[in-house]
Each structure stands twice: as structure tokens, then as C-alpha cells.
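Throughout, read-outs are computed from the coordinates displayed, never taken from laboratory work. Note that the structure is a prediction, hence the values are computed from the model and not measured. A quick note on method: Cβ atoms are made from the backbone with ideal geometry, for glycine too, and the neighbour counts reach across all protein chains shown.
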Amino acid sequence: MTLVQLKHFVALAEAGSFSKAATRVFLTQPALSRSIQALEDEWGARLFDRVGRRIELTPYGLEMLPRAQRLLSDAQELQRTGREFTSAEAGALRIGLGSGPGAMLMAPLLLTMAREHPQLHLDIARSGTELLAQALRERRLDALVVDARSLRPASDLKTEFHHEMRGAFMVRRGHPLAKRMAGTRALAFHELAPYPIASTPLSDEVARIMVERYGPQANPSECVTLRCEEISSLVEVVEHSDAVLVAIRQAAPKLVELRLRPALQATARFGLVTLADRTEHPALAVVRRVMQDRLRDPPPQEH
């Protein structure tokens, strides 16, 4: 039994004659007759009685007709869903976002999907890089956007589309440190010591750079006093206190960037991570576009 045979069966039942049904399905009458005969042989019962030039459904044919119609309808729905899925119009996309990408991508990604792909189910998970990578390997996520430097290299993961973004020390407007940067004066790291320092978990590479630039006192395990995965929460704390934020500059464009001597010159390298042996979800093209639009450093800030 094939879908084509079911189409022939339904067409003949609806048309009431071989000539009309053959025209509808673009077959000759003998070919249509052979298709129906093959179906009757497979099912072991007659589907039609020949009454003169007309045909009528047998009791068995009457029983099978609505089932055949439902199968054809389901097949058409499967084809429609498949076409929508391959064009990112339907299905579900499960994305894991690290702390930095989450601050910059979550709202734009949700808004883009709501406007352009309203039938797509988008699920966003926020967590640390290692937990997100584990969820990806367990097929609970389709892709990640994380700082590639915080991801352990592995042959089963594919990382691409890197976006390099610089980090910075930032404070609220009117902060005592912002006032201290009169003219072109740069701050020394020890001047930050009286204030709480807030940060998401930093990669080993960033920690190494901070220690190289400012000495052991700048080791994040020692100097960071406020740490969580959600940059948005840390930004809110810094906006309403004298805390200093260490983060990607673009994650907090309204804060004032501190000039330190020497300059921090640390970056995050954001990438789209998928399983190397897995077929890619078509909606990831949308994620790439949002990444391209949003993962950019802001223009230099005037003080």
C-alpha cells in the first residue's frame, strides 16, 4: 500500500467512474484499474462493485474510505510542517546563552522570532558554559552562544562565527572614580580596591590578563566580591551603588567606562556552538543574523 494508491482509491470513490477519476489523477483508465486491483489484492477484499458504467463502494470500501482520507490528510500536514520547518517557520528551537550573550541577545532574539517567525517555539536557557555544553550533548539544546574561551575544546563540538568584544571596568555616572578621571587621567587598579567589584564568572584567559596587567591583587578569585551569571542583575546593582562592573562593554552601554593604567585589553570571543555530527536547525540562520547585528562593540565613549 502506498500513498499514491490511496489517492487513486479516494479519487475513484469521489468521482464515481474510472474515466473521471483517471483524468483527475492524470492516469490512463487501465493504469488506474491496475492500481486499484493491486490495492484490493493487498487488502484481500473488493473496494468497488462495477454497476454498468458506474462503480459503487462495497461495504468494505465504505469502511476504508474515511481512513484513507485521514491518512492522506495527515500526510499532507506532514509535508506542510516539513516545509515550514526547513524555512524556520515552525517546530521548536532550544538555545543556550552564556552570561554575556544572554545580556545582549536574549531580548533581540525573542523580539525577532515574535515578529518574523511567530509559529516557531523558542526556548532559551541561561546557565554557565559547562552546564550548557552538557545540555547540548544530551540533545536538550540545539545550539549555544557562549564565550568560546570558556569552553573546553572537544571534537564533538563545532564552534563558528566568532565575535570578538572587549571587556571594561564600568561604573555609574557620578561615581567617585568617574569624577576622579579628570581630563585624560587614568586610574591605577589599587584605586578600585575600596569598592565592590562585580562580575560574571570570567574565563581563565581573562583572569590571566588581569593578573598580568595589575598584579595578584587583580586575580578575579580575590578581587571580585559580587559574582553571578546574570549580567543584567549586576548592571542594576552597579547603577544603584558604588560597585564596579567588569564585563563586556556592550553589555552595559549606559555605564561609564573607567580608564585604567595600563588598559585592560581583554576580550570575549563569542561563538555559535553546535554538535559536530548533528543536522543543524534551520532557524539558526536567524540566530546568526541577530548575532551579527548585536554582538558589536559600541563606539568610543567621550568623557
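HN-Hα J couplings of the stretch 126-139 from phi, Karplus 6.51/-1.76/1.60, θ = phi - 60°, integer Hz, Gly and Pro as x?
These are the phi-based 3J(HN,Hα) values: 10, 5, x, 4, 5, 5, 5, 4, 5, 5, 5, 5, 8, 6 Hz.
Taking N as the number of residues in the stretch 1-115, what is its alpha-carbon radius of gyration divided by 2.2 N^0.38 Å?
Cα-based Rg divided by the globular estimate yields 1.74.
Would you be so kind as to identify which of G183, L255, I209 lies farthest towards the positive end of the dipole of the stretch 166-268, taking Lys and Arg as +1 and Asp and Glu as -1 on Cβ and the Cα centre as origin?
Sorting the options by dipole projection puts first G183.
Return the equivalent ellipsoid semi-axes of the stretch 14-71 as a descending list in whole Å, where each equals the square root of 5 times an eigenvalue of the C-alpha gyration tensor.
17, 13, 12
Could you pull out every one of the lysines with an alpha carbon less than 24 Å from that of K254, ignoring same-chain neighbours closer than 8 positions?
Reachable lysines: K179.
Amide H to amide H under 5 Å from L122: which residues, 5+ apart in sequence or cross-chain, H placed 1.01 Å off N in plane?
When sequence neighbours closer than 5 places are left aside, the close amide H contacts are L93.
Three principal axis extents, largest first, for the C-alpha atoms of the stretch 206-303, in Å?
Here the Cα extents, ordered largest to smallest, are 46, 28, 24 Å.
With a ≥ b ≥ c taken as the square roots of the eigenvalues of the C-alpha gyration tensor of the stretch 168-221, please select rounded if a/c is under 1.5 and otherwise prolate if a/b is larger than b/c or oblate if it is not?
Prolate, because a/c is 1.5 or more and a/b exceeds b/c.
Using packing as a proxy for protection, rank 211-217, 2-8, 184-190 so that the peptide with the highest average count of other Cβ atoms within 10 Å comes first.
2-8, 211-217, 184-190
Could you please report the charge total around A15, scoring K, R as +1 and D, E as -1 over all other residues with beta-carbon less than 13 angstrom from its beta-carbon?
Within the 13 Å Cβ shell, the charges total +3.
What FRET efficiency would be calculated for the residue pair A135, D74, taking the C-beta separation as r and a Förster radius of 22 Å, to the nearest 0.05?
0.10
What residues have an amide H closer than 5 Å to that of R259, excluding those fewer than 5 places away on the same chain, when H is modeled at 1.01 Å from N in the peptide plane?
Distant-sequence amide H within range of R259: L187.
Give me a comma-separated list of calculated 3J(HN,Hα) values for the stretch 52-58, in order, Karplus coefficients 6.51, -1.76, 1.60 applied at θ = phi - 60°, integers in Hz, x for any Gly or Pro.
For the stretch 52-58, the Karplus curve yields x, 7, 9, 10, 10, 5, 6 Hz.
How large is the dipole of the stretch 3-86 about the Cα centre if only Lys and Arg carry +1 and Asp and Glu carry -1, each at its Cβ, rounded to the nearest 20 debye?
About 320 debye.
Once the dipole of the stretch 3-86 is set up with Lys and Arg at +1 and Asp and Glu at -1 on Cβ about the Cα centre, which of L27, L62, G44 lies farthest towards its positive end?
L27
Restricting things to alpha carbons, find the Rg to Rh ratio for the stretch 137-247 using the Kirkwood radius for Rh.
Radius of gyration relative to Kirkwood radius: 1.03.
What net charge is computed for the residues neighbouring C228, neighbours being all others with C-beta under 14 Å from the C-beta of C228, Lys and Arg scored +1, Asp and Glu -1?
-1
When mean projected area of the Cα convex hull in nm² is calculated directly from the model, which label among (i) 16.6; (ii) 15.6; (iii) 21.9 fits?
Matching entry in (i) 16.6; (ii) 15.6; (iii) 21.9: (iii).
For I36, what is the net charge nearby, where nearby means another residue's Cβ is under 15 Å from its Cβ and Lys, Arg count +1, Asp, Glu -1?
+1
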